[in-house]
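J.: Take this structure first; my questions come after.
The values are calculated or read from the model by the stated rules, or taken from the named source; none is laboratory data. Computed from a prediction, not measured in an experiment: that's the story for all the values here. Reconstructed Cβ throughout: ideal geometry from the backbone, glycine too, with neighbour counts over all protein chains shown. Just so you know, the surface numbers come from the protein's heavy atoms only, side chains and all, with ligands and any DNA or RNA stripped out. Shrake-Rupley method; radii C 1.70, N 1.55, O 1.52, S 1.80 Å.
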Amino acid sequence: MNHPQFALPRLTALLRTAVPRLLEGVVAPLVVFYTAFALLGLDGGLIAAVTWVYFGVAYRLVRRRPVPGTMVLAAIAITVRALLGWWSGDAVVYFIQPELGTICIAIAFLASVRLNKPLVQRLTLDYIHLPQFVLKHARMRQFFARITLLWAFVLLCNSAVSIWLLLHNNVSTYLLVRTSAVALITGVAFAGSIWAFRRVLNRMHAEPA
């Protein structure tokens, strides 16, 4: 390559950056929702979760700090869940809401590839600083397009499995099996993504200057 080599940071460094943002943008809204749901009911849980996510977005905009892509996706998902929750209030619809939000995110992933702005690239930049020469390389652009398509499929697969389990099992079985199945599918996809990323970087480094 005509540029200095770029190496993927160590896993511990990635975790130090990724975990706080995942906790804030993904885990915390769920904790806030279930806590408020137990105390105030469905409407209270929805209001609390929506307030948490949008407060975080507004706080960053006011402080002129970048809004992580995971938080943007969480805001989209929680908005869809809130609208459907207020519209129905049914238990099945309540549990199916996050799956519909996930389907919306998967569609956004597919649309971003069509627009040549793959969302996985933005999400990756939330956790890893990639030099411009890496982002502009043809191999890397192709990688992000393909990996975005992969994650769109993963999200759709997770939602399909979750919806099937919800419609054919009781709530206890649904929560247990769904959590295990989603964790397995997501874990395999994540490991494959990291392997593919390293492979692309190695190929870029092997190219003659």
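J.: Identify, please: which residue in the range 157-191 is within 23 Å of Arg114 (Cα to Cα) and in contact with a helix residue (DSSP H, G or I) (Cβ under 8 Å, 6 or more places away or on another chain) and is, among those, most open to solvent (accessible area, probe 1.4 Å)?
T.: It comes out as Cys157.
J.: Of the residues that sit in the range 114-166 and are over 16 Å from Cys104 (Cα atoms) and of a type in the set (Gly, Ala, Ser), which one is nearest to the chain's Cα centre (by Cα)?
T.: Here the residue is Ala145.
J.: Another question, if that's okay. Please indicate, with yes or no, whether at least one residue in the range 142-156 is outside any helix (DSSP H, G or I) and surrounded by 15 or more Cβ atoms within 10 Å (Cβ to Cβ). Don't jump to the end; show me each part of the working.
T.: Step one: filter the range 142-156 for residues outside any helix (DSSP H, G or I), giving none.
No.
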